[in-house]
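Since every read-out is calculated from the coordinates, none of them should be taken as a lab result. Bear in mind the structure is a predicted one, so any value in this text is a computation, not a measurement. Cβ atoms come from the backbone with ideal geometry, glycine included; neighbour counts cover every protein chain shown.
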Amino acid sequence: MSASLALSPGTLAFRHFRRDPLAFACALFLLMVALIAIAAPAIAPHDPADADLLRRLQPPVWMSGGDWSYPLGCDGLGRDILSRLIYGARISLGIGVFVVALATVIGATLGVLAGFVRGLPDALLSRIADILLGFPYLVFAIGLMGMMGPGLSNIIITLVLKEWVVAFRVARGETLAAREQDYVEAARAIGCRRARIMRDEVMPNILSPVVVVATIRMANVIIMEASLSFLGLGVQPPAVSWGGMVADGRDVLAGGWWVSTFPGLAIMLVVIAANLASQGLREAFDPRLRQ
Amino acid sequence: MTPLLSIRALRVRFPTPAGLVDAVNAVDLDVFPGECLGVVGESGSGKSATFLATLGLLPSATIRTDGIFWKGRGLDPDALRGREIALTLQNALTALNPALRIGTQIEETLAAHDQGGNRRDRAIALLRRVGIPDPARRLYAYPHELSGGMRQRAMIAIALACAPHLLIADEPTTALDVTVQAQVLDLLRTLRAEQGMSLVLITHNLAVAAGNCDRIAVMYAGEIVETGPAARVLTTPRHPYTTGLLRSHPSLDDPEAPLLPIPGRIPDPGAWPSGCRFAPRCSRHVAACEAPQTLRVVPDGAARCCQAGIA
């Protein structure tokens, strides 16, 4: 009997993923950032909101005037940039993961429903999705945040409202193909009800593209959150977010480049890592792309 | 004896861009308790459509009937499907869900019908019953890890999950090699004997029907052209189409006999001849064939041919 007996498609995909050094390294990097975010209070050397104008624009450690207690320097209010980066990871990554997870669950559920049931629910949901897709992302988000006001829950609501469309369209398209398969007819032949067929037969078959797309979208959501926070529509102080830190540094760019640069760098690294990891994931889940 | 399943004047039409196409026309069928009915015919003759329509599995088709009865009462397919009537689909290679383990798929059937007890043990018992070796381990196999014969057995195990009174096996031996075909047919025969279950065997292979069925219904162009006990239909066919099928099949008794194919091909659905649908290909074509034919009672069965009594 072959050694691969009893390996689930997920296990096989993970094995393949592990052999892709770049994607695996990126995934480890994201995991590390996530752990740092979770352990922020234990790791951060200072209180991220602790301002001291005596340390205003203190440069990073390798420049003259820097010291080891504030390795990445301080911002315009004398707050430790490293600590703020560590706490900011909670918002950036947290929102990225939470928004994508929620949007994927909602979008995939509606997508399977629309693709399987067809008819009026499909027409209705698809038109709503088309309308949402027609709005430029940032315009939609700014408009909605402007109406609801800034804040953590509002930013999540706004992003989910826009983001579920992606999972919806992927899930719906895959379901349209899956519902015509013999195994769906076989399930009906053995007397399964529609809800059971959607949940137990169709869902497992459309899951991998949905998961892959979700990881790609995570990078996007992180950038959106950063953009909204940069514009002042995101989380409000004293909560720290990377986008907000970039905005803080804008006024002091001439005297302290590090205030904006480090959070910008953090955003870039996390987004690149998420993109590369999702690319590896896509290859791992698609047998045709496996070498 | 009351038939288990009784189909009266079933008509199935499919919507196509060219309008409604007649796939099944005026089909009457009875399946009696414990018997094996063979439904024979070439591709497109309406064998599968007849039973898919009966079970309510053709949502897009227009179905007209004078009644479909289960144990003498009107049949509610939604309530019986998978419970008292089970169906195994034509293609065992694609009818199993590729993303789920075999055990999950069997247990799912049990769950869908709220069967109590330990589902895992029941699944193992079912796999053992259909002759799958090492069933406890095969529960964790995915369909692609099983051979064609094994998948067909797994399909049958799923169909048997609720101990149905009637099993409709749609081309259970297609895409299997001959020795495996024989094993699967043996299995069906054993299961039928053990459970007193009725079996409808849909096949294009006359030999398969000959070896396993009590009665045979031959279908051509969406109609039943001949019915009767298997022995009679195979030895003294009353319809020229059945005769043609038998002549185009090699015989063990006389291997030297030339094979005589039926000339022409089955007409397109939607373009059926106005009279007897077999007339254009029939060697005994007479003027009366221009009129539509009904099933005529002959000794031991019925045939849809104006010369049925003469032959």
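Table for the structure above
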| quantity | calculated |
| --- | --- |
| Relative contact order [Cα under 8 Å, 6+ residues apart], the stretch B:226-302, whole percent | 33 |
| Inter-label distance, nm, simple model (7 Å from Cα along the C-beta direction), B:Ser147/A:Ala123 | 5.2 |
| Cβ-defined net charge surrounding B:Pro3, 15 Å radius [Lys, Arg +1; Asp, Glu -1] | -2 |
| FRET efficiency for B:Tyr140 and A:Asp251, using Cβ-Cβ distance with R0 set to 56 Å, rounded to 0.05 | 0.35 |
| Per-residue ³J(HN,Hα) for the stretch A:174-182, Karplus 6.51 cos²θ - 1.76 cosθ + 1.60, θ = phi - 60°, Hz, x for Gly and Pro | 5, 5, 4, 6, 5, 5, 8, 6, 4 |
| Using alpha-carbon coordinates, inclination of helix A:81-117 to the longest axis of chain A, degrees | 20 |
| Cα pair distances of the protein assembly as shown binned at 20 Å [whole percent] | 17, 36, 25, 15, 6, 1 |
| Debye, to nearest 20: dipole size of chain A, +1 on Lys, Arg Cβ, -1 on Asp, Glu Cβ | 780 |
| Distant alpha-carbon pairs in the stretch A:1-122 (separation over 24 angstrom), percent | 57 |
| Length released on extending from B:Arg189 to B:Asp253, taking residue separation times 0.36 nm less the Cα-Cα span | 20.6 nm |
| Around A:Phe116: net Lys/Arg minus Asp/Glu count, Cβ-Cβ under 14 Å | +2 |
| Cα-only Debye scattering, chain B: base-10 log of I(q)/I(0) at q = 0.16 Å⁻¹ | -1.36 |
| Estimated dipole of the stretch B:4-134 in Debye, rounded to 20 [Cβ of Lys and Arg +1, of Asp and Glu -1, Cα centre] | 160 |
| Computed label-point distance, nm, for sites A:Leu31 and B:Val178 using a 7 Å Cα→Cβ extension | 5.6 |
| Under-5 Å amide H pairs with B:Arg296, H placed in peptide plane, nonlocal only | B:Ala303, B:Arg304, B:Cys305 |
| Förster radius 35 Å - calculated FRET efficiency between A:Ile38 and A:Trp62, Cβ distance, rounded to 0.05 | 0.75 |
| Translational diffusion coefficient (Stokes-Einstein; Kirkwood radius from C-alpha pairs) of the stretch B:176-299 at 37 °C, 0.692 mPa s, in µm²/s | 200 |
| At 1.567 mPa s and 4 °C, Stokes D of the stretch B:1-47 from Kirkwood alpha-carbon radius, µm² per second | 104 |
| Estimated FRET transfer efficiency when R0 is 45 angstrom, pair B:Arg265-B:His113 (beta carbons, to 0.05) | 0.55 |
| P(r) tail fraction, the stretch A:160-259 - alpha-carbon pairs more than 24 Å apart, % | 49 |
| About the Cα centre, charge dipole magnitude for the stretch B:52-121 (Lys/Arg +1, Asp/Glu -1 at Cβ), debye | 80 |
| Sorted by Cβ neighbour density within 10 Å, fewest at the top, the residues B:Arg151, A:Arg84 | B:Arg151, A:Arg84 |
| Dimensions in Å of the stretch A:86-196 - Rg and Dmax from alpha carbons | 17.2, 55 |
| Cα centroid of the stretch B:2-67 to Cα centroid of the stretch B:124-146, whole Å | 33 |
| Options B:Gly74, B:Leu201, B:His239, ranked by Cα towards positive dipole end of chain B, top entry (Cβ charges) | B:Gly74 |
| Residues in the stretch B:55-96 that a label on B:Arg8 would reach, taking backbone N under 19 Å of a point 7 Å out along Cα→Cβ | B:55-56, B:63-77 |
